[in-house]
1. Hey, if you put +1 on the Cβ of every Lys and Arg and -1 on every Asp and Glu Cβ in region 508-603, which of Thr583, Gly525, Ala553 ends up farthest toward the positive end of that dipole?
2. Any idea what the alpha-carbon Rg over 2.2 N^0.38 Å comes to for region 508-603?
3. Using 1/(1 + (r/R0)^6) with R0 = 56 angstrom and r between the beta carbons of Leu619 and Asn414, what's the FRET efficiency to the nearest 0.05?
4. Sorted from largest to smallest, which semi-axis lengths in Å does the alpha carbon gyration tensor of region 228-276 give for its equivalent ellipsoid, taking the root of 5 times each eigenvalue?
5. Using 0.36 nm per residue, how much length does the chain from Asn139 to Ala486 gain when fully extended, once their Cα-Cα distance is taken away?
6. Taking the alpha-carbon set of region 47-112, what are its Rg and Dmax in Å?
7. Just the C-alpha atoms of region 153-195: what Rg/Rh do they give, with Rh taken as the Kirkwood radius?
8. Could you tell me the calculated FRET efficiency between Ile274 and Lys329, based on Cβ-Cβ distance and R0 = 45 angstrom, to the nearest 0.05?
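Just so you know, all these numbers are worked out from the coordinates, no wet-lab data involved. Predicted model only: the values in this text are computed from it and were never measured. Ideal geometry is used to build each Cβ from the backbone, glycine not excepted, and the neighbour counts take in all protein chains shown.
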Amino acid sequence: MFNLTTSNIAPLSPLLRVLIALCWLSLFCTLSLTSHASEYQVQVGDLVRVSLPGEESLDKNFPVDRQGRIHLPEVGTISVANLSEDAMQARVKRHLSTVFQDLLNLKVYVYKRQLLINVLGYVETPGEVILPAGTNIQNALGQAGGMRKGAQLDKIQLRRRLTNAEGASQTESIVFNYKQYLDTGDTSLLPQLRSLDVIFVPASPMTGNVEVEFDPSKIADSGDAASNRDAIKVFGEVNSPGSFTYKQNLTLLDLLMRSGGVTRYAGVEKIRVISNNQPKLFDLKGYLDSGDESLLPTIQAGSTIFVPKQEEEIKTGAKMVYIMGEVAKPGAYEGNDNVTFMDILANAGGPTRYAESRQIRVLKNNGQVVPFDLSAYTEGIGNVVPPVITAGDAIFVPEKTDMNEKSWLKVAPNRAVRVIGEVIRPGRIEWSDEMSFLDLLAHVGGPSARADTSNIEIMTPNEKGTNNVFVFNFDQYMQQGLTDQALPVIKAGATIRVHDLPQDPSDNKAQWVRQSSEKSIYILGQVVAPGRYMFTEEMHFLDILAAADGPSADADIHNIRISHRDKKYARVTKLNLALYFETGDENLLPKVTMGDTIYIPEKNRTWLDKSKESTIRVLGAINKPGRYKFNDTMTLLDLLAEAGGTSPGAYLEKITVVNLTCCENQAKTFDLTEFSKTADFTMLPVLRAGDTVYIPREQDSTLAQARTLLKDIVEVASVAILFGGL
């Protein structure tokens, strides 16, 4: 080896001595940094970064799978688990050397430390999750969607596979109280996570063996001693039956209160209490009437309390009035001489939603049947008065006729109206003179989607025994906002037919042939369904755009053109639809009418559609050099991002911006590296349309050229020293 001594250096100039010293110092620093490589061992779940310049397939992150391997193109799987970063790089380099020759710039390191955890059991989305290193149990449960209702928080298990020195493996199970952690926030209660750990969340014993909807409030209301042999069981006619923990000096009233009290159907005179296998009857009503505490039974551990249902008795008597049918609470009600029909109906809870309130019948004690129209009475129609009710009368509220059934016999033809054609529910409808045409149309669900509502035929019988036919334009009635006086007169026995629109066997474009140009508008270019569409004065620009299914993915909505053809002279309007969506300013939308043509151009046509004065050029060490559209809201950073960012080897300290001003061109430089350190946006140069941005390469910089010159000088000096030594 060449021996560099003072005698060898002496003949050299002072400048060469300094250069040689700097070279030795650089070599020493490189060796020192290499010796202090990280001792972190690669774990399952980590992201390993492999960087080999010039090979895009190897310039990415590769996850470490459950077997501790990474899969690389060309060479396949490589085991890297439990290796240091240096050992991992050496192993990867050894495998890649069989395929690639130049591995001098290969770099392999741990890009992100992660954990591969399995979360199983009573969680929303059980399965495998990937977490950052150093995370805890709560984050793992959150990645699994959280725990389901009914999860048992105090017995969560952590299962971990361990390998001893001999290579044998065994499973370690750690049970921890997650509920206590939630109560205290003490993270020491949670075990530390490692890769390949399994977290199992068990279900609470109170959920049972059948998967059902779990309601924690109901479980809490049903007692607090589900598995205690000394618990006191309360069931029967109480609002919240369940098992309750036994306490000293506990009374029956305390237990009934904890059970939510008795229901309205409880037989409180015959409550059964079983203590020490001895059943006893307790009269709660008698205790409440007397207040004698000696009547309260003794409650012991393991007692059982049952509140029976009150036995129903048939109510009879000379003052009873009976109400049946579609009322909320049918039954027998005791009345007096002053009771009225409305009193009985109100006590029965009133008619239900299925009641036919027009056909109520009162069965008198003497066999007479009295009809009563409750709807007419409540609406004040006619001179309808409620019937007189006496003891022994029976009120019957019938069920409303179900028109979905084939109930032809329930409604006579002279009381029905037939509705056929394009309505939602055609059929026979029971008619009342209080109804109108709109009521009838609403009752059948309204017109269908294919209904021709401008041509509805109505046929009504007249006094001559024939039918009058009337055609009604429902669209005109709605548009003009006419009153009910303009509606056709409907009578029982009438027939209403709603025609359907003409149906074309092909798609909607076949309508263009029959559609006149005077009623059409044209939309062309980058829309989903370009073509000629029907248009009216009430419609506007967004209507025709929606009819064409909106702009396509390639549409340039910033430069829409509208050619107006309703004038004798040519007129074209420009529209920036993106600006309208940002501001919501309706004044930006042009007024379009029949005959106009709307053209939506294709975006990314900067070279053909844009002049050089309205674009900006990006050149040099950039991923996508070219011309780009530019506006005043963009900055140099936006332009670089749109051009795909700088390419490797770009000289970021000397980015040049050539401004096109009114008088002369000006060039400015920008240091992107310095800006990334300071984030001072005042450093950004001002850009205008027509400017040119140039990103030089590192090899073109003055420092790079100086380093090249320095390298040449060192090589020459080394050769000179070699010859001097010889």
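1. Final value for the positive-end residue is Gly525.
2. 1.04
3. 0.05
4. 18, 12, 10
5. Full extension from Asn139 to Ala486 adds 118.1 nm.
6. My reading of the Cα-based Rg and Dmax gives 10.7, 31 Å.
7. With Rg and the Kirkwood Rh in hand, the quotient comes to 1.12.
8. Numbers: r = 35 Å, r/R0 = 0.77.
E(calc), rounded to 0.05, equals 0.85.
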